[in-house]
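Input: a single structure, listed below in structure tokens.
Each value in this text was obtained by applying a stated rule to the coordinates, not by laboratory testing. Just so it is clear, the structure is predicted and the values come from calculations on it, not from any experiment. Here Cβ is always computed from backbone atoms with ideal geometry, including for glycine, and neighbour counts include all displayed protein chains.
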Amino acid sequence: MARRSSSIKMLSTADIRQELSRRQRSLPKLTKKRASLSAQLAAIDSQIEALGGDSKTSGGPTAGRASRSKNSMTLVQALEKVLSGKQMSIGEAINAVKAAGYKTESKSFRISVNATLLKFKKKFKKVARGIYTAT
């Protein structure tokens, strides 16, 4: 429900105070409702955990998504390691990075590798079309 900004100008100070008072009277009811919903959510969380699920992720905004891979080094560091003293194509670099233990489930990992090689010009040098090395 949209209100016009000029409509508040038509109200008296007493009307505005009365409206604020009315809204503040609804605060205890909303607080009680929030506590009730919180208790229901806690009960559902315990049911999820009893079934072996993780109540912090089940059904939440990240439900159904794969968890992000944990790597000991960044993609830049992994590329530096595999390209040091070598020249490789993007595909070879991807395979070498994965063989070196870099984990990813990305569907667009090739794009990430390519973007990284292009972004870090001080660390990587383009030798020929599609061929890179670490500087």
Exercise. Compute the semi-axes of the equivalent ellipsoid of the stretch 87-135, taking the square root of 5 times each eigenvalue of the Cα gyration tensor, and list them largest first in whole Å.
Key: 18, 11, 10
Quiz item: Where in the chain lies the longest segment free of trypsin sites (Lys or Arg not before Pro) that are both loop residues by DSSP (not H, G, I, E, B) and have at most 14 other Cβ atoms within 10 Å?
Solution: 5-55
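How long are the semi-axes of the equivalent ellipsoid of the chain, defined as square roots of 5 times the Cα gyration tensor eigenvalues? Whole Å, largest first.
56, 27, 11
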Exercise. For K107, go through the lysines and keep the ones whose alpha-carbon is under 16 Å away, minus same-chain ones fewer than eight residues off.
Key: K98
Self-check item: Flagged links, alpha-carbon separation over 21 Å, of K70/K126; K81/K119; K56/K103
Solution: K70/K126; K56/K103
Self-check item: Partner aspartates and glutamates for K33 [C-alpha distance under 19 Å; skip if fewer than 8 residues away on the same chain]
Solution: D45
